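Presented below is the structure to which this report refers.
Only the coordinates and a few stated rules stand behind these numbers; no lab work does. In this text, all values refer to a predicted model and were calculated from it rather than measured experimentally. Please note: Cβ atoms are built from the backbone with ideal geometry, for glycine as well, and neighbour counts cover all protein chains shown.
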Amino acid sequence: MWAGRSQVDMAHDILAAARSPLHISILLERIQASFGVKIDSESLVSSLSKRVARKDRFKRTAPNTFGLLK
């Protein structure tokens, strides 16, 4: 259930479970499958990119591919 969870938190949960970086398209598919919510790709990329710039939990490993900082 996604109640009360931000799209960034959902992305974090998916990436933690995957234990490897994921392309945004795969990340979005897994968010929808796991949480039953459809997220706009541009919105999530924007949110994750801001976190990457602040070195807040996420890193970019390739174009449109995100992972977790250790």
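Structure notes:
- For region 44-64, filtered to residues that are touching a residue at least 24 places away in the same chain (Cβ under 8 Å) and part of a helix (DSSP H, G or I), the residue that is farthest from the chain's Cα centre (by Cα) is 51.
- Selection within region 45-70: residues that are of a type outside the set (Asp, Glu) and farther than 15 Å from residue 23 by Cα. The member of this set that is surrounded by the fewest Cβ atoms within 10 Å (Cβ to Cβ) is 70.
- The set of residues from region 1-22 being within 19 Å of residue 67 (Cβ to Cβ) and more than 9 Å from the chain's Cα centre (by Cα) comprises 6, 16, 17, 18, 19, 20, 21.
- Test set (1) under 11 Å from residue 66 (Cα atoms); (2) crowded, with 18+ Cβ neighbours inside 10 Å; (3) under 10 Å from the mean Cα position of the chain (by Cα) - residue 31 fails condition number: (1)
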